[in-house]
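The values are calculated or read from the model by the stated rules, or taken from the named source; none is laboratory data. Owing to the predicted nature of the structure, the values given are computational and were not obtained by experimental measurement. Backbone-built Cβ (ideal geometry, glycine too); neighbour counts: all protein chains shown. Side chains included, ligands, DNA and RNA excluded: accessible areas come from the protein's heavy atoms. Shrake-Rupley method; radii C 1.70, N 1.55, O 1.52, S 1.80 Å.
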Amino acid sequence: MRCEWELDELIECWTLDEDELGLLSNKSGATRLGFALLLKFFELEGRFPRREDVPKAAVEYMAGQVGVEAALLFADYQWSGRTIEYHRSQVRKHHGFRQPTVADEDKQIFWLAGELCPEELSRDRLRAALLTRFRAEKIEPPTPVQVDRLLGAAVAMFERDFTTRTAQRLGSATGARLDDLIAAPEVEADPVEVPVAAPGRSFLQELKEDPGPIQLDTLLAEIVKLERVRAIGLGEGLFEGVSEKIVESWRARAMRMYPSDFAAAAEPVRWTLLAALCWVRKTELTDGLVELLIQLVHKISVRAGRKVESEISAEFRRVHGKNGILVRLAQAALDLPEEVVREAIYPVVGARTLADIVAEAKANEKVFNSRVRTKLRGSYSRHYRRGLPKLLRALEFGCSNTAFRPVMDALALLDRYADSEAVHYDRSETVPLEHVVPDDWKDAVVDPDTGRVERIPYELCVLVALRKAIRRREIWITGAKTWRNPDDDLPADYENNRDVHYEALSKPRDPAAFIADLQRRHLAALDRLNTAMGSDTTGGVKLTRRKGEPWISVPPLNRRPEPTGLVALKEEISRR
């Protein structure tokens, strides 16, 4: 119970009514004050207090009501013995409560194990729910030690039922494939056709590892992982009736275990741990593949653009020598500011040269885009293209927005031609171009003479369009979590209880009000930053310009001493 109370709160919560005053008629002194406090505390909290639980403000307020000095409560009132037990029985009778029995405790254990443990991990929230249920059923809650014992028994019962049910859903064949994860690498693989792991390493070890650097080999390795996890054959309803955070907690336990730890566990527990690890990692691998796809497409585009920029700028400096022409042009304009263009500029440069410069400037952007497309096509066809069919087959895409149906149709077309070596798509195919191929790419995609669509540049356009659609959440991936259907992010009762969810988020339903508040906070944050940057307490951080653009300059920090915990962690890792 809180310690700070306002006067109006004391009046509302700690004032005795006529019936309660009647219970005090045969009591006096410290006994009278102590009983009154027990009575009101039990009404507020549903339990009896310890000496230190009673707020001082409540003691002083109650002492004024019953005409007893507040100091007598702690000096003379006995917090153990026959008197306080008699007082407690009177309080229970007045409020209609009874003491818990063994049957009550067993009932609450079954209730916790069946209703709350599949949804909740926090012991504090489980404890609060248990105390609330005791109060609702007019049963005096047990002591804190007994409550912890009940919680432990409920969690143990849930885990026993959970692992048994999971093992039954898995079946012996799937369980055997899970056991293969902890077997030595040289043990023969399951008859199910599964890609092999790297030589000398167990698949369990690979499964726990995060993806490597952003490159094609990483993409292919993650696809192999995902295919092997799917080949284990975990059913869609394996963890039905249990919340995601429960499954993730078992996955976290499995991540910390060694193969010997799994082998020492009972079969239902071992299978549940391995199944939870594979279940969650399957989702994480799917999300990771999507992230790799997004980053690889961006990487290909950016690298091609940078290469072409450097090549074009070098060629212009080496061949055309326009800098000297522009210098002479500017000098003539400065020397003869009053003269007309024909008399001042043309004798220095010449009308034909100026026309050529203008024509070249207009063509530069077109040339640049064309060369970027050439670079993209070269790097994609020689290196990245071999991973595309595997990636498209590893991910299952979904979309409910009709504006992005062309991208979905394009993905289906790519999948049909995944094993083909044809340069162009068949004339009979309907190749989606709208919302897939940008205008400046159409000349590279569609042959102007035959009207046929070339596969390599079209595939590049599809990947770029797919990247944009995924980032906008217009196209989602089945089996992912971060990139799943955005409708699944909403609570099941969102449409019927939208006001409740908005209130829980402390957000207004009016979009204009939301935007106005966001702008206000953004401007306030920028004002604070501006004020701070103008002071002398920035630690050397300065606002400067770099290549003509605004830049925040941060000085290098002094090296800090290595934490002792990190040193110990490194030593333990090295030892293992």
> How much net charge surrounds ALA263 when only other residues with a Cβ under 13 Å from its Cβ are counted (Lys, Arg +1; Asp, Glu -1)?
Replying inline: -3
> For LEU569, what charge total do you get from the other residues with a beta carbon under 15 Å from its beta carbon, if Lys and Arg give +1 and Asp and Glu give -1?
Replying inline: +1
>> Rounded to the nearest 20 debye, what is the charge dipole size of segment 431-514 about its Cα centre when +1 sits on each Lys and Arg Cβ and -1 on each Asp and Glu Cβ?
In response: 320 debye
>> Give me a comma-separated list of calculated 3J(HN,Hα) values for segment 208-221, in order, Karplus coefficients 6.51, -1.76, 1.60 applied at θ = phi - 60°, integers in Hz, x for any Gly or Pro.
In response: 6, 7, 7, x, x, x, 6, 7, 5, 4, 4, 4, 5, 5
> Roughly how much of TRP111 is accessible, in Å² to the nearest 10, using a 1.4 Å probe?
Replying inline: 50 Å²
>> Under the rule of at least 5 residues apart or a separate chain, name every residue whose amide H is placed under 5 Å from the amide H of ILE475.
In response: ILE470
> Amide H neighbours of ARG98 under 5 Å, counting only residues 5+ apart in sequence or on other chains, H built in-plane at 1.01 Å?
Replying inline: ILE139, GLU140
> Which ³J(HN,Hα) values, rounded to whole Hz and listed in residue order, are derived for segment 167-177 from phi using the Karplus coefficients 6.51, -1.76 and 1.60 in 6.51 cos²θ - 1.76 cosθ + 1.60 with θ = phi - 60°, glycine and proline given as x?
Replying inline: 5, 5, 5, 5, x, 5, 5, 5, x, 5, 5
> Say a paramagnetic label sat at a point 7 Å from the Cα of HIS95, along Cα to Cβ; which residues of segment 126-153 have their backbone N under 15 Å from it?
Replying inline: 131-144
> For PHE134, what is the net charge nearby, where nearby means another residue's Cβ is under 9 Å from its Cβ and Lys, Arg count +1, Asp, Glu -1?
Replying inline: +1
> What are the ³J(HN,Hα) values, in whole Hz, obtained from phi via the Karplus relation 6.51 cos²θ - 1.76 cosθ + 1.60 with θ = phi - 60°, for each residue of segment 48-55 in sequence order, with x given for Gly and Pro?
Replying inline: 8, x, 8, 3, 7, 7, 7, x
